[in-house]
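Worksheet: one structure, shown below.
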Amino acid sequence: MSEPRFLADEDLRSAIRSAVLRQEPRIHFATVRGMGWGGKSDDEVLELAAVQGLIVVSHDMRTMPAAAYARMARSATLAGLLLAPQTYPIRPLADELVLIWGASTAEEWVGRVEYLPL
């Protein structure tokens, strides 16, 4: 069993990642750009994240869930997808991500698409 590790999609507000890391600096929270995956399609990001065991965190509630469900329909791996409304306040979202990190395992998120707040 391993700790959840996150990947901020290109559209995720950077303040959310910063707030999470301020609360708990031990959390692995990569960014699409930091991984060199900028400009990749949703499916490519989900594929690369799955290979790395990263749960994608995104505001993209239009195309990202469709890409995730399409991956699962063809039996491709999904490390997990967490979706948050663009207008959701930063602090409660950061609190929720820290709670997910501390209270669950990465394996619990495989093949799941969840909308925050839980």
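For residues that are within 12 Å of the chain's Cα centre (by Cα) and within 21 Å of residue 2 (Cβ to Cβ), scanning just region 66-83, find the one that is surrounded by the fewest Cβ atoms within 10 Å (Cβ to Cβ).
Once the filter is applied, the top-ranked residue is 78.
With a cut-off of at least 1 residues that are small (Gly, Ala, Ser), name the strands (runs of 3 or more DSSP E) lying wholly within region 1-93.
Where strands (runs of 3 or more DSSP E) fall fully within region 1-93 and carry at least 1 residues being small (Gly, Ala, Ser), they are 6-8, 29-31, 55-58.
Within region 67-85, identify whether any single residue is more than 14 Å from residue 111 (Cα to Cα), modelled with pLDDT of 95 or more and of a type in the set (Ser, Thr, Tyr), and answer yes or no.
No, that holds for no residue.
Would you confirm, using the coordinates I've provided, whether residue 109 is over 11 Å from the mean Cα position of the chain (by Cα) and aromatic (Phe, Trp, Tyr)?
On the way: over 11 Å from the mean Cα position of the chain (by Cα): no; aromatic (Phe, Trp, Tyr): yes.
Here the answer is no, as residue 109 does not meet what is asked.
Just for region 94-104: of the residues that are in a helix (DSSP H, G or I) and not β-branched (Val, Ile, Thr), which one is surrounded by the most Cβ atoms within 10 Å (Cβ to Cβ)?
Applying the filter and picking the extreme gives 97.
Is it fair to say residue 107 is out of contact with any strand residue (DSSP E or B) (no Cβ under 8 Å at 6 or more places or on another chain), more than 14 Å from residue 23 (Cβ to Cβ), of a type in the set (Asp, Glu) and assigned to a helix (DSSP H, G or I)? Can you show your working first?
Details: out of contact with any strand residue (DSSP E or B) (no Cβ under 8 Å at 6 or more places or on another chain): yes; more than 14 Å from residue 23 (Cβ to Cβ): yes; of a type in the set (Asp, Glu): yes; assigned to a helix (DSSP H, G or I): yes.
So residue 107 fits the description; yes.
Here's a check for you: in region 27-65, which residue that is more than 21 Å from residue 117 (Cβ to Cβ), charged (D, E, K, R) and without any contact (Cβ under 8 Å) to a residue 12 or more places away in the chain is surrounded by the most Cβ atoms within 10 Å (Cβ to Cβ)?
40
The values are calculated or read from the model by the stated rules, or taken from the named source; none is laboratory data. Predicted model, so just to flag it, every value in this text is computed and none were measured. For neighbour counting, all protein chains shown are included, and Cβ atoms are generated from backbone atoms with ideal geometry for every residue, glycine included.
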